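J.: Please see the structure below; I have some questions.
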Amino acid sequence: MEPAWLAAASQFPALLLTGPRQVGKTTLLRHLCAPARRYVSLDDPMLRALAATDPRLFLDRYAPPVLIDEIQYAPELLPYIKMRIDDTRRPGDFWLTGSQQFAMMRGISETLAGRVAIVNLLGFSQREAAGRGLALPPFLPTLAGIHEREQALAGTAEGADATYERIWRGSLPEVVARDDVDRDLFYGSYVQTYLQRDVRDLSQVGNEQAFLRFLRACAARTAQLLNLSDLARDVDVSHGTAKAWLSILEASFQVLVLRPYHSNVTQRLVKTPKLYFLDTGLASYLTEWSTPATLAAGAMAGPMLETHAVVEVLKSWWHVGRQPRLYFYRDRDGREIDLLIEQDGLLHPIEVKRAATPRPDWSKAFAVLDALAPARGHGAVLCLAPTVTPIDRQATAVPVGLV
C-alpha cells in the first residue's frame, strides 16, 4: 500500500486509513511517517478528553503534519481539521486512522468532502504474507492480467494443504508473522476485545452472549446467501436486531455483504446478497475447526476456500488504494457465478473451485452473462491447480495463490 498512500498524500490534505483492529494501520503509517510528523493516539483517555472538549487547543498542541490514531473517538475534531485544511491546503497535513466505519465515515464524508482520501486495509494478502507483495495491479482476469501475474509470481503456487493452513490461521499480522502464536488464544482474545470495545462503541448491545452467538452464526454462513430471518431465528433475536447487528459487523470490517448484480434485461435475478467473513482465521475459529486438516476435510472446505479467494481479490484492489465494483450472479433457475468484476464496460466472471484438475464445464455458467449488459469479459476459475491452464477462449483456470 505504500506507493498508493504516498501518492494520495501528495494530492489530498487529509488521508484516512480504515480497517479492522490489529491489521497494522498504525504500524504502517508510523513506518511511513517522516520525522517531522507528530503522532497522537486517541486511545489515550486524557488526549481523547482534550480533543473532545477543546479541539482547537488539541490541534494547536498537535499541529500538522500529524498522524491521529483512532479518529472515531473524537468526531469533534473534524470541523476544526476542516478549518485548518482550508487555511493552508497543504497536501498530506493530516493522516488519520479509524477502526469503525459508520459514524466516523458519515462525519468525515460530510465534513471533509473533497479534502480527504479514504483507503481501506485488511490483513495480509497471501502475497504479502509470503513476502511477495509486488507492485502488481489489482486482480482482473484478463489474459494480459493473468499472464502478468503468472510471470511475476512464477513458482509461488501453493498446494491444497498449504492453502488451508493459510485459511485456518487467517491474515492478521500477529498470527502470520509469528509461528509461535497460539492461534486459538489469539482469536479468543481478539473476540473479547472486539466485543468489549467496537461493539459497545457502535451500539448498545445488551446481551453480549447473544451477539457472540450471532457472530458464530454469521461465520457458519460465510459464502452463502444472506437470509436474515433464518439468522435471527437461529440466534433467537428479532429480525430488526439481526439487521442492526449485521450493520455492526460491516461497520467494524468483520464481514463483507456482497450485492447481487442487477440488470434491466431480466427480472429473474436473485436480489438477496451474500455474506463473507473478511478474515478466514477468525471464521475458522468461530466455527470451531481445530486444525487445517479437519477444515480441509469438513463441510465448510468449499465455502472457506471461496471466502479466501473473494477476499484476496478484494485485497488486491484495496491494498493499492482502489475501490472495485464487485458483485455476484444468481438467478431463479439456480445458475450462479461466485464473483463479477465490472471494469471498463465489461463484466468479468470469476468462479472458485476446490479442485486441482481443470475441467471444461467449469466455465459453463459464464455464458449466462451474454444476455446481459455490459458485455462479458474474459473470466477466471480460481482453483487449487498448480499452473495457469486455459479452459476455453473466454476463461482460464488460475491458481488461487496468484491472486
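J.: Using a Gaussian network for the chain with springs between C-alpha atoms less than 10 Å apart, which of these wobbles most: ALA296, ALA375, ALA217?
T.: ALA375
J.: To the nearest 10 degrees, how steeply does helix 183-194 sit against the main Cα axis of the chain, on a 0 to 90 scale?
T.: 50 degrees
J.: As I understand it, the value is the acute angle between the Cα axis of helix 301-318 and the longest principal axis of the Cα atoms of the chain; what does it come to in degrees, rounded to 10?
T.: 50 degrees
J.: Taking the Cβ of LYS353 as the center, what net charge do the other residues with Cβ under 11 Å away carry, scoring Lys and Arg +1 and Asp and Glu -1?
T.: Value of the local net charge: -2.
J.: In addition: Kirkwood hydrodynamic radius, region 243-320, all distinct C-alpha pairs: what's the number in Å?
T.: Working: mean 1/r = 0.0697 Å⁻¹.
Evaluated over region 243-320, this radius sits at 14.3 Å.
J.: So who's got an amide H within less than 5 Å of the one on THR396, skipping anything under 5 residues away but keeping other chains? H placed 1.01 Å off N, in plane.
T.: GLY379, ALA380, VAL381, ILE391
J.: Set the Förster radius R0 to 35 Å, insert the Cβ-Cβ distance between LEU57 and LEU185 as r into 1/(1 + (r/R0)^6), and round the FRET efficiency to 0.05. Provide the component values of the computation, followed by the final result.
T.: Working: r = 42 Å, r/R0 = 1.19.
It comes to 0.25.
J.: With +1 on each Lys and Arg Cβ and -1 on each Asp and Glu Cβ, and nothing else charged, work out how big the dipole of region 2-120 is about its Cα centre, in Debye to the nearest 20.
T.: 160 debye
J.: Right, next: If I build a Gaussian network model for the chain, linking alpha-carbon pairs within less than 10 angstrom, which residue out of GLY98, GLY145, GLY114 has the largest mean-square fluctuation?
T.: Checking each option, the largest mean-square fluctuation is seen for GLY114.
J.: Same structure again: Where does the chain land at 222 nm, in deg cm²/dmol rounded to the nearest 500, when only DSSP H runs of n ≥ 4 count, each adding -39500 (n - 2.57), divided by all residues? Before the final figure, lay out the partial values.
T.: Values: 17 runs with 160 residues, N = 403.
Taking each H run of at least 4 residues, the total per residue is -11500 deg cm²/dmol.
J.: For the Cα atoms of the chain, what angle does the longest principal axis make with the long axis of helix 208-220, in degrees from 0 to 90, nearest 10?
T.: 40 degrees
J.: Here is a follow-up. log10 I(q)/I(0), Debye, Cα-only the chain, no solvent, q = 0.07, 0.10 Å⁻¹?
T.: Reported log10 I(q)/I(0), two decimals: -0.34, -0.71.
J.: What ³J(HN,Hα) values, in whole Hz, does the Karplus curve 6.51 cos²θ - 1.76 cosθ + 1.60 give for region 18-33 when θ = phi - 60°, with x put for Gly and Pro?
T.: These are the phi-based 3J(HN,Hα) values: 10, x, x, 5, 6, 9, x, 4, 5, 4, 4, 6, 5, 5, 8, 5 Hz.
J.: Okay, next question. Taking the mean number of other Cβ atoms within 10 Å as a proxy for protection, how do you rank 42-52, 252-262 from highest to lowest?
T.: On the way: 42-52: 15.5, 252-262: 18.5.
Ranked by mean Cβ neighbours within 10 Å, highest first: 252-262, 42-52.
J.: Please list the radius of gyration and Dmax for region 153-225, considering alpha-carbon atoms only, with Å as the unit.
T.: My reading of the Cα-based Rg and Dmax gives 15.9, 51 Å.
J.: Take every DSSP beta bridge with both residues inside the chain and express the antiparallel ones as a percent of the total, to the nearest 5.
T.: On the way: 19 of 47 bridges.
The antiparallel proportion sits near 40 percent.
J.: Within 10 Å, count the other beta carbons around each residue, average over each peptide in 377-384, 58-65, and list them highest first.
T.: Details: 377-384: 24.5, 58-65: 16.5.
Averaged packing, sorted descending, gives the order 377-384, 58-65.
J.: Would you work out the relative contact order for region 2-120, in percent, from Cα pairs under 8 angstrom that are 6 or more residues apart? Each step should come with its number before you reach the end.
T.: Values: 180 pairs, mean separation 50.6, N = 119.
Contact order relative to length: 43 percent.
J.: Straight-line reach only, C-alpha to C-alpha below 20 angstrom: list the lysines that LYS271 could link to, leaving out same-chain residues fewer than 8 apart.
T.: Answer for LYS271, where 20 Å is the Cα cut-off: LYS243, listed by chain and number.
J.: Computed over the Cα atoms of region 2-120, what is the convex hull's projected area averaged over all directions, in nm²?
T.: Value for region 2-120: 6.6 nm².
J.: Right, something else. What shape does region 272-403 have by the C-alpha gyration tensor, where a ≥ b ≥ c are the square roots of the eigenvalues, rounded means a/c under 1.5, and otherwise prolate means a/b greater than b/c and oblate the rest? Let's see the in-between values first.
T.: On the way: a/c = 1.64, a/b = 1.41, b/c = 1.16.
It is prolate, given that a/c is not under 1.5 and a/b is the larger ratio.
J.: Here's a follow-up. What does DSSP give for region 2-120 in terms of the percent of beta bridges that are antiparallel, rounded to the nearest 5? Each step should come with its number before you reach the end.
T.: On the way: 0 of 17 bridges.
Restricted to region 2-120, the bridges split so that about 0 percent are antiparallel.
Values in this text are rule-based calculations from the coordinates and carry no lab data. Just so we're clear, the structure is a prediction, and the values are computed from it rather than from any experiment. Glycine gets a Cβ as well: all are built from the backbone with ideal geometry, and neighbour counts include every protein chain shown.
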